[in-house]
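Engineer: Submitted below is the structure of interest, expressed as structure tokens.
The values are calculated or read from the model by the stated rules, or taken from the named source; none is laboratory data. The structure displayed is predicted, hence computed values, not measured ones. Virtual Cβ from ideal backbone geometry, glycine too; neighbours counted across all protein chains shown.
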Amino acid sequence: MYKKSQASLEFLTTYAWAFLMIAVSIGALYYFGVFDFTKYQPQKCAFPSQFKCTDFSLSTAPNEVKVKLVNNLGEEIEVTSLSITNDANPPILCLSASPEPPFNWEYSTEKDIVFSACSGGGFISDNRVELKISLRYYAINTPSRPIHTINGKINGRVI
Amino acid sequence: MGESYKTKSEKHKMISKDFPGNRKSQSSFEYLLVVALTFAIIVPTSYIFYSYSKDSGQEIADAQITKIGTSIIDAAESAFHFGHGSKITLELNIPKDIAAVAIIDGRELIFNLTSPSGISEIVFFSTVNLTTEGSNCDANECKLPELASSGLKKVKVEAISRESINISII
């Protein structure tokens, strides 16, 4: 009886050690970002087709986010505000946007929107970030000028 | 001295006989390696495909709304030019991501599209005056609540006067 229980205890101890080793190894791999599969995803800029995103860049020298959008609304608009954020804690904060709202935007034309002096939100070199850009506008030819919101997303690596 | 084996297979047989656990552990180890390798391939691939399909779903919803909005505006402009009393019926498949639909000032047809980055307003501009049933209109805004639920909808676009095109769901 004594020999049997000893064998059982040894078996359990061996498995506990093995389990512990595996857990520690997985924890270490997770810590070093091995399981962060987002880095294998392609870089992407997604906006509704009415404001098609044709190009973007995220750079730390200087700290800025650039996005090139096309006004595909078929209407001349006035952009009233631009904002950028992300889900990080604290979120990204960009002190200025260029062109500075309010600004006019002719239809079928491109605009380079630049958010400068960006910090926080994981905006550091070689890091992968997901940014949410919000643009508010109204159509100049609509009498009551209701304000509309468009949200887009950039997923890319900061260089 | 030690035994001399005649052939290689005989020697292998002898070793297997002497150390049966050795072969068992080798097969277990190989099994574990195969399982680990399979997981290492399947898990990242599944994640990448999942995120890709999520993004594609968003693009599909956007393209569907663009098609729906453009067909309503095109039908309204056609009905306007055909003259008073003309009707066009459209069969539209509404995607599930639409939260609300409205007409503002008779010239903006607005679809509120829900996406992971927030609610975006997809706006279509009409050169003719759009309206809908009076009960759904308040000041300069008319709502089309039937278009805000997913599924196949029949939309009637009718020139109710020389100035206005009525949009209703039948």
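Engineer: Condition first: buried (at least 17 other Cβ atoms within 10 Å of the Cβ) and part of a strand (DSSP E or B). Now tell me which residues in the range A:86-99 satisfy that.
Structural biologist: A:Cys94, A:Ala97
Engineer: For the range B:65-78, enumerate the residues that are more than 8 Å from chain A (Cβ to nearest Cβ) and surrounded by fewer than 18 Cβ atoms within 10 Å (Cβ to Cβ).
Structural biologist: Within the range B:65-78, B:Lys67, B:Thr70, B:Ser71, B:Asp74, B:Glu77, B:Ser78 meet the criteria.
Engineer: Is there any pair linking a residue in the range B:141-155 that is farther than 25 Å from A:His148 by Cα to one that is in a strand (DSSP E or B) and not hydrophobic (A, V, I, L, M, F, W, C), with Cβ under 7 Å and at least six apart or on different chains, and which?
Structural biologist: Within 7 Å, the pairs are B:Leu152/B:Glu91; B:Leu152/B:Asn93; B:Lys154/B:Thr89; B:Lys154/B:Glu91.
Engineer: Go through the range B:100-124 and give me each residue that's in contact (Cβ under 8 Å) with a residue 40 or more places away in the chain and in contact with a Lys or Arg (Cβ under 6 Å, 6 or more places away or on another chain).
Structural biologist: B:Ala102
Each row is one residue, and each column tells you yes or no for (1) part of a strand (DSSP E or B); (2) surrounded by fewer than 18 Cβ atoms within 10 Å (Cβ to Cβ); (3) modelled with pLDDT of 95 or more; (4) within 14 Å of another protein chain (Cβ to nearest Cβ).
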residue: A:Pro101; (1), (2), (3), (4): no, yes, no, no
residue: A:Asp112; (1), (2), (3), (4): yes, yes, yes, no
residue: A:Phe115; (1), (2), (3), (4): yes, no, yes, no
residue: A:Gly121; (1), (2), (3), (4): no, no, no, no
residue: A:Ser125; (1), (2), (3), (4): no, yes, no, no
residue: A:Arg136; (1), (2), (3), (4): yes, yes, yes, yes
residue: A:Asn141; (1), (2), (3), (4): no, yes, no, yes
residue: A:Gly152; (1), (2), (3), (4): yes, no, no, yes
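Residue-wise test of (1) surrounded by fewer than 17 Cβ atoms within 10 Å (Cβ to Cβ); (2) on the phi < 0 side of the Ramachandran plot; (3) under 22 Å from the mean Cα position of the chain (by Cα).
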| residue | (1), (2), (3) |
| --- | --- |
| B:Lys96 | yes, yes, yes |
| B:Ile104 | no, yes, no |
| B:Ser120 | no, yes, yes |
| B:Glu133 | yes, yes, no |
| B:Lys143 | no, yes, no |
| B:Ala148 | yes, yes, yes |
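Engineer: Somewhere in the range A:45-57, is a residue in a loop (DSSP other than H, G, I, E, B) and at pLDDT 95 or above?
Structural biologist: Scanning the range A:45-57, I find no residue that is in a loop (DSSP other than H, G, I, E, B) and at pLDDT 95 or above, so the answer is no.
Engineer: Let me ask something additional. Which ones in the range A:58-96 are over 16 Å from the mean Cα position of the chain (by Cα) and among the polar types (S, T, N, Q)?
Structural biologist: A:Asn71, A:Asn72, A:Thr80, A:Ser81, A:Ser96
Engineer: Within the bounds of the range B:150-162, is there any residue that is in a strand (DSSP E or B), surrounded by 13 or more Cβ atoms within 10 Å (Cβ to Cβ) and within 14 Å of chain A (Cβ to nearest Cβ)?
Structural biologist: So far as the range B:150-162 goes, no, none of its residues is in a strand (DSSP E or B), surrounded by 13 or more Cβ atoms within 10 Å (Cβ to Cβ) and within 14 Å of chain A (Cβ to nearest Cβ).
Engineer: Search the range A:45-67 for residues that are within 14 Å of another protein chain (Cβ to nearest Cβ) and closer than 20 Å to A:Glu100 by Cα and pair each with any residue that is in a strand (DSSP E or B) and acidic (Asp, Glu) when their beta-carbon atoms are under 8 Å apart and the residues are at least 6 apart or on different chains.
Structural biologist: Partner pairs satisfying both residue conditions: A:Val67/A:Asp55; A:Val67/A:Asp112.
Engineer: Further question on the same structure: List the pairs whose first member sits in the range A:12-38 and is within 14 Å of chain B (Cβ to nearest Cβ), whose second member is of a type in the set (D, E, K, R), and whose Cβ atoms are under 6 Å apart, counting only residues at least 6 apart or on separate chains?
Structural biologist: Close Cβ pairs satisfying both conditions: A:Thr38/A:Arg128.
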